[in-house]
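All remarks here apply to the structure that follows.
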Amino acid sequence: MLTQYGIKLAVDIITTDFGKLVAQACECLLRRGVLTKSGIGRFSGLSSDIVKKCLWVLIQHNCVQDFNLEQLGAGGSITVSTHYMALFDNIIMRIRFSKILAIVSKEQDEQCAMLLEGLLQHGRLTLTQILEKAAEETNGGGNADANSVRERFFRLVTSHYVQPCPSPEPYIALPPEGDNPPKKKGLKKMFLKEVTLEDQALAAVKPMETVGFSPDTLSWADTEDIKNGNDLPSTKAGMKRKLDLLDVECVEKEPLWRVNFDQFKHLLLNKVCIENIRCRLDDKAGMVLNAMLKPSRSADKIISSSVDAVYEELLKSNLGLTLERVRSYLEQIGCHLVADDEYSIDLGNIIQQAQKEEVESIVLKRYGKEAYRMFRLLTNYQELETDKISDKTFVDKKETAKFLNRLWKDNFLLVEKQSAVTGGGPDGNKETVLWKANKEGLVYEVLDELYHAVLNLRIRSNHEIDQQREIIHLNKIERVGEASKRFKHLQDVTLLLFNSLMMVDDAILLFQ
């Protein structure tokens, strides 16, 4: 979901990683949506040549998707032009690189994490470039090194951590005549999701990704040179962010590979759900949920598993849980028995509960205990009158009205006024005020605040580093006395800010 502070955060990330000009082109796409190259130049004020280079960088690092679009021109003729759209979720994933590498280090090994780090650093690489980069880091390790790199890369592909890039500029054709669905009228129209141009472009890319998870995708590579110990082709991958996309002809027969951000987003969200269960229940409950989710690579919210499979996974942790205790924990975390010894869990329920807890904590910190009790009461009821809220929360009616109005002004609550006829005369009409929690609208509000918090943490971290720039540039021998203390203080502050940012990012995953 794109919010105002989300856009500012994305621009800050691109500025830090690629510079102001690239960020300017990216911001234009984020704020104005799908545009052509000339449209980006017109709205951003950048020259055509600069826009072209900026788009190369953004596409190389999977921050922008290009596609060809059929449109009706003058006189009914069909024209085809290249359009570009910003991939907001991929840009935000750039602050999660450390989390991604931690997952791969734990589930695979450090060598696999190093391979993935190269893809995170350079965006898109061929297998030849990946092999060259690994050889440079090991100072030329010979045949065994090349073969082991290929084996680790294959593990990353089969684990869905790496996928082939979509073919350049997917094609979106005009719908055939008569395919336009009839317009819906009435209330049903409110529940129909409009298919946007961005949705069509992503759908055009999606089918191409399925090829990436089969051994056949690696069969194109000519491994004879590697096996015979000959030199690899001379396409260099050493310089960060400066792969020459103009020389793509020399590697066009090799597919480009990229990190599968969707898979890592799914895994990170699972970790947040596990942490939520661990905090609400206990460590063992979190490990039971982890054992249930671990074999699944699907992004579906509803996961099913047998008790035996969960129990076998838990045996590796030496928890000492019996089969009956495992069943008990499965029921506690919200699993339902769907067949003989097979349980199913809806992660959507855990996410909703975690969202509710996050919003309630914001209300508690910002408005106090009384407002917190009122808001929590309203999240459990459809709607309530002011008097009933006052009675149930044991707060004075005047104070209750003040708290409710503050929550309403900040979009935490919705208010509805109803008139009821109670008798004759001028006082016969009585107006009743009903309050209810703004559950749907809060997602945007809270997410925008979380993006704002991450942006502030990044700005503060950069400020602290800029203040101590001269200390950072000193070598270890020169960094003594007061300089050493200042450097240690800087390390402590930046670590604290980084950990805070990662905690806020966990909350973003719940609402994103």
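The values are calculated or read from the model by the stated rules, or taken from the named source; none is laboratory data. As the structure is a computational prediction, the values presented were derived from the model and not from experiment. Backbone-built Cβ (ideal geometry, glycine too); neighbour counts: all protein chains shown. The accessibility values were calculated without ligands, DNA or RNA, using every heavy atom of the protein model including side chains. Shrake-Rupley method; radii C 1.70, N 1.55, O 1.52, S 1.80 Å.
Here are some notes:
- For segment 306-361, the spread of Cα positions along each principal axis, largest first, Å: 36, 27, 15
- Arg32-Leu474 FRET efficiency (beta carbon distance; Förster radius 51 Å; 0.05 resolution): 0.70
- Glu312-Thr158 FRET efficiency (beta carbon distance; Förster radius 22 Å; 0.05 resolution): 0.55
- Cα point-scatterer Debye curve for segment 365-512, base-10 log of I(q)/I(0) at q = 0.09, 0.21 Å⁻¹: -0.51, -1.21
- Of the cross-linked pairs Lys392/Lys439; Lys388/Lys417; Lys99/Lys476, those separated by over 19 Å at the C-alpha level are Lys392/Lys439; Lys99/Lys476.
- Using a probe of 1.4 Å on the protein chains alone, the accessible area found for Met503 is around 140 Å².
- Distance between the pseudo-spin-label points of Ser344 and Leu434 (7 Å out from Cα toward the beta carbon): 3.4 nm.
- For segment 368-512, the residue among Leu474, Gln382, Leu501 whose Cα projects farthest onto the positive side of the dipole built from Cβ charges is Leu474.
- Peptide packing for 454-460, 87-93, 470-476 was compared via the average number of neighbouring C-beta atoms within 10 Å per residue; ordered from the highest value, the list is 87-93, 454-460, 470-476.
- Extension reserve of the Trp408-Leu197 stretch, reckoned as 0.36 nm per residue once the Cα distance is removed: 72.5 nm
- Debye intensity ratio I(q)/I(0), log10, segment 57-167, q values 0.11 Å⁻¹ (C-alpha model): -0.47
- Förster radius 45 Å - calculated FRET efficiency between Phe43 and Lys301, Cβ distance, rounded to 0.05: 0.75
- Annotation for Asn147 and Asn462: the two label points, set 7 Å from Cα along the Cα-Cβ direction, are 4.8 nm apart.
- Note on segment 312-349 and segment 440-503: Cα centroid distance 40 Å, given to the nearest whole angstrom.
- Cα-based radius of gyration of segment 276-371 once divided by 2.2 N^0.38 Å, which approximates compact folds: 1.24
- Considering every alpha-carbon pair of segment 1-122, the percent of pairs per 10 Å bin, from zero through the bin containing the longest distance, is 12, 38, 28, 16, 5, 1, 0.
- Ranking of Tyr311, Tyr161, Tyr171 by solvent-accessible surface, largest first: Tyr171, Tyr311, Tyr161 (1.4 Å probe, protein heavy atoms only, all chains present).
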